[in-house]
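Have a look at the structure below, then the notes.
The values are calculated or read from the model by the stated rules, or taken from the named source; none is laboratory data. All values reported here derive from a predicted model rather than from experimental measurement. Cβ coordinates were reconstructed from backbone atoms using ideal geometry, including for glycine residues, and neighbour counts include every protein chain displayed. Accessible surface is based on the protein model in full, side chains and every heavy atom, while ligands, DNA and RNA are left aside. Shrake-Rupley method; radii C 1.70, N 1.55, O 1.52, S 1.80 Å.
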Amino acid sequence: MINDKCMMRKRWNVISKSKWLLVTALSFIICHLSFSIASCSYSEDLDLCTLTVQLVYPENTIEPYAGARVELKALGHNAVFVDSTDAQGKTRFTVTPGIYEASSSSQFLDSTTATWWRYNFNGVKSMIIVDPDSTNNIEITLKSSRKRVVH
């Protein structure tokens, strides 16, 4: 009788251990498959957008020129992009979608007339939402001051 009870316990322990191993193995397989399936759908492709910035100069000052500095800051990040304008006063940035601030600050020496003038131009545009579904064209209207240069 005692041997029968010992045999029963041993059988129960063997059955319990084998069930535990089976459940553990099945759990591992299910977890592994679910991570494999989830990782197959992951994509690291970033949507890139082209943002065109047009500088608008005040009337009776100068025409747009190549080389004016334009900064683009990603709000909420430490990213700053810098470029210069073309002869039409435009520059283009290729960035990820987000919220940005564009600014321009430059000096221009007009020496085409008998009286020379140094112009200071400043402008900023905040809360620019760059999105693949938007046109992503902005204008920055510049403010100016000028000073006569004695030569």
**Request:** Answer yes or no as to whether F108 is at pLDDT below 90 and within 23 Å of T141 (Cα to Cα).
**Result:** yes
**Prompt:** Are there any strands (runs of 3 or more DSSP E) wholly within the stretch 49-112 with 3 or more residues that are surrounded by 14 or more Cβ atoms within 10 Å (Cβ to Cβ) and in contact (Cβ under 8 Å) with a residue 24 or more places away in the chain, and if so which?
**Reply:** 49-56, 69-74, 90-95, 98-110
**Request:** Report the residue count in the stretch 117-139 for those that are at pLDDT 90 or above and open to solvent by less than 80 Å² (accessible area, probe 1.4 Å).
**Result:** 12
**Prompt:** So F121 fits all but one of (1) within 20 Å of the chain's Cα centre (by Cα); (2) assigned to a strand (DSSP E or B); what number is the exception?
**Reply:** (1)
**Prompt:** When you go through (1) farther than 23 Å from L46 by Cα; (2) touching an Asp or Glu at 6+ places or on another chain (Cβ under 8 Å); (3) not small (G, A, S) one by one for F93, which number turns out not to apply?
**Reply:** (1)
